[in-house]
1. Which of the residues that make up region 258-269 are touching a strand residue (DSSP E or B) at 6+ places or on another chain (Cβ under 9 Å) and open to solvent by 50 Å² or more (accessible area, probe 1.4 Å)?
2. Being open to solvent by less than 20 Å² (accessible area, probe 1.4 Å), under 26 Å from residue 263 (Cβ atoms) and away from the ligand (no atom under 16 Å from the Cβ) is true for just one of 200, 210, 157. Which residue is that?
3. Here are the criteria: (1) within 14 Å of the ligand (Cβ to nearest atom); (2) at pLDDT below 95. Tell me which single one residue 143 does not satisfy.
4. May I ask you to list pairs of residues, at least six apart or on different chains, whose Cβ atoms are under 7 Å apart, with the first in region 136-158 being assigned by TED's automatic domain parsing to the domain that holds residue 260 and on the phi > 0 side of the Ramachandran plot and the second being of a type outside the set (A, V, I, L, M) and part of a strand (DSSP E or B)?
5. What about residue 133, is it hydrophobic (A, V, I, L, M, F, W, C) and surrounded by fewer than 20 Cβ atoms within 10 Å (Cβ to Cβ)?
6. Can you confirm whether residue 96 is small (Gly, Ala, Ser), within 19 Å of residue 207 (Cβ to Cβ) and surrounded by fewer than 17 Cβ atoms within 10 Å (Cβ to Cβ)?
7. Taking the conditions exactly as written (farther than 30 Å from residue 65 by Cβ and either modelled with pLDDT of 95 or more or buried (at least 17 other Cβ atoms within 10 Å of the Cβ) (or both)), does residue 220 satisfy them or not?
8. May I ask you to list pairs of residues, at least six apart or on different chains, whose Cβ atoms are under 6 Å apart, with the first in region 57-83 being in the same structural domain as residue 270 (by TED's automatic domain parsing) and the second being aromatic (Phe, Trp, Tyr)?
Amino acid sequence: MRKSYIYALLSIAAVIGVIGYFAIDTTEQAPVENEQQLTAADVYWSYTGETGPEQWMNVDSNYEACGRGELQSPINIELKETANQQEAMKLAEQISLNYDQAIFTVENIGHTIEANSTTLENSLLINDKEYKLTGIHFHSPSEHQLNGQYFDMEAHLYHRSEEGEMAIIGLFIESGEENLVLAEMWDEIPANGEEAAKVLKNPVDLQLLLPEQKSVYQYMGSITAPPCTEGVNWFILEQPIEMSDDQINRFSSIFLQNNRPIQELNGRDVYKFNLN
Ligand SMILES: [Zn+2]
């Protein structure tokens, strides 16, 4: 009698354990893929109006960090307030960039244009940990500010470690020469979300996409769209890259405004150093 009672208890515990395992598994997998893939299928939110940034927290209970988080992005980067130079040098030594080429797919996911890498060969190394480049998307105008100034656009290059930690390289974009590295991608931008993802024919040379000067601002923040998950390692290049007015207008004719407002710094350090 007593033995079968113990077996019954053990099997109940096992069932709970299995359920618990899967419950944890799904919730932990959810917030990592990338900012936009997550949200596209999720609860509706927008950049203006009743489901705009001030309301993101209330749109869904999973979006609480958007309102209550204290390490949120984007921020205004003040040049003269960057932190301790020695610390910055230490950080610089821990970081290296392994960029070559990649074929991308391009699609309109409603909140932005998302270009997904078809290879995981490109990466950012932070303290010997590899963060693989998964995709690039765009904001108009920029999300981050430099000395209180916005740029015409901003590109976000997404990287993810095996454990799901995120690192994002941000590139400011300003009006100037036609950007030939992104020319094919721009020709293929789908005007609406009904169109299927297109596979680009030519690889994008990621080294050539970056600006010549590799000064970066590093700080810890969040993804800039719901669910506003924190723990993102941000690297914002100081020198903007260029796009022609035609290219900038092509994007803003589809997304007039898709940038989140500036968030409080809350005492966070911003470091400046050169990316290798
Ligand atoms: Zn973004």
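The values are calculated or read from the model by the stated rules, or taken from the named source; none is laboratory data. Since the model is a prediction, treat every value here as computed from it, not as a measurement. Positions of Cβ are generated from backbone atoms using ideal geometry, with glycine treated the same way; all protein chains shown enter the neighbour counts. Ligands, DNA and RNA are excluded from the accessible area calculation, which covers all protein heavy atoms including side chains. Shrake-Rupley method; radii C 1.70, N 1.55, O 1.52, S 1.80 Å.
1. 262, 265, 269
2. 210
3. Every condition holds for residue 143 apart from (2).
4. Every condition considered, the pairs that remain are 148/76.
5. no
6. Yes, satisfied.
7. no
8. From region 57-83, the pairs are 57/63; 59/45; 63/56; 66/56; 77/217; 83/271.
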